[in-house]
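Engineer: I have a structure I would like to understand better, so I am pasting it below and will then ask my questions one at a time.
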Amino acid sequence: MSKTLVVANRELRAYFATPVATVFIVIFLVLQGALTFNLGQFFDRAQADLNPFFTFIPWVFLLLIPAITMRLWAEERRLGTIELLLTLPITQGQAVLGKFLAAWGFCAIALALTFPFVIAVNILGSPDNGVIASGYVGCLLIAGAFLSVGAAMSAVTRNQVIAFVLAVAICFVFAVASNPIVNDFLAKNVPALGEFTRRIAVIDRFTDFTRGIIALRDLIYFATFIGFFLFLNTVLVDQRKAD
């Protein structure tokens with residue numbers, strides 16, 4: 001585990017060694033602020049809670065997280081440094097997990113910087129902070145899910161743009177899987193597939209957290225989801241490291 005943390009520390013430092021971290025965090029905070037307080041009609045609702053914040057954050061992550069992950073492996077392959085990384089005394093699984101934990105930690109830092117939103121709603125009213133805390137747990141989990149997809153897609157190609165597009169497309173499928181329009185269409189045409197899509201939808205699982213519900217089945221779902229794509233990431237790195 002210590003070797004995994006060494007990789008994670010190296011990758012996390014790399015984020016802050018370039019303007020990437022600052023640009024991402026600024027865009028994230030500005031977008032979330034605008035969506036929460038303007039488009040989310042925070043003040044018109046006359047209700048002190050963070051429901052608008054939690055409503056929009058999966059869709060913000062859908063676009064921003066692939067921008068973080070697109071370079072994780074694609075850049076290593078483009079520069080030819082992937083062979084150097086994998087010749088270090090670490091396993092491929094440790095390298096994959098280390099990179100993922102670094103990206104996840106970076107997202108956690110970005111989420112932590114939204115603390116003024118929490119302070120604001122507590123000044124303006126008396127929100128249920130337990131529900132807010134649960135919502136933040138959900139945010140971290142959905143970020144982890146999208147990060148695992150993005151990391152796997154980054155291992156598919158050395159082209160960062162292709163990695164970005166693939167990650168957005170796959171995350172979008174999991175995000176809209178529970179949409180009523182999608183469900184109604186599948187229920188009429190492919191009933192079995194309609195039931196399957198409802199089970200794999202990330203938004204429904206995330207919504208439970210925003211209601212203050214932390215269910216074991218949802219934790220298992222996210223753990224399985226992340227674990228599957230990290231395993232896929234490891235397999236893809238093994239197959240393509242010499243490309």
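Engineer: Going by how many other Cβ atoms sit within 10 Å of their own, how do TRP104, TRP73 line up, fewest first?
Structural biologist: Values: TRP104 21, TRP73 30.
Least crowded to most crowded, the residues run TRP104, TRP73.
Engineer: Given R₀ = 30 Å, what would the calculated FRET efficiency be for ILE109 paired with ILE214, taking r from the Cβ atoms and rounding to 0.05? Provide the component values of the computation, followed by the final result.
Structural biologist: Working: r = 22 Å, r/R0 = 0.74.
Step by step, r from the Cβ atoms, then E = 0.85.
Engineer: Given a cut-off of 14 Å, what percent of all Cα-Cα pairs of region 1-60 lie beyond it?
Structural biologist: Within region 1-60, distances greater than 14 Å cover 66 percent of Cα pairs.
Engineer: Name the shape class, rounded, prolate or oblate, that the alpha-carbon gyration tensor gives for region 101-183, where a ≥ b ≥ c are the square roots of its eigenvalues, rounded holds for a/c under 1.5, and otherwise prolate holds if a/b is larger than b/c and oblate otherwise.
Structural biologist: Details: a/c = 3.14, a/b = 1.69, b/c = 1.86.
Oblate shape, in that a/c is at least 1.5 and b/c is the bigger or equal ratio.
Engineer: Given H placed on each backbone N at 1.01 Å, which residues far from LEU50 in sequence or on other chains put an amide H within less than 5 Å of it?
Structural biologist: none
Engineer: Compare the peptides 25-31, 214-220 by average per-residue count of other Cβ atoms within 10 angstrom and give them in order, highest first.
Structural biologist: Numbers: 25-31: 15.1, 214-220: 12.1.
Averaged packing, sorted descending, gives the order 25-31, 214-220.
Engineer: Okay, moving on. Calculate, for LEU5 and VAL235, the FRET efficiency according to 1/(1 + (r/R0)^6) with r their C-beta to C-beta distance and R0 25 Å; round to the nearest 0.05. Walk me through the numbers on the way to the answer.
Structural biologist: On the way: r = 23 Å, r/R0 = 0.91.
Once the sixth-power term is evaluated, E becomes 0.65.
Rule-based calculations on the coordinates, nothing more; no lab input. Note that the structure is predicted; figures quoted are calculated from it, not measured. Backbone-built Cβ (ideal geometry, glycine too); neighbour counts: all protein chains shown.
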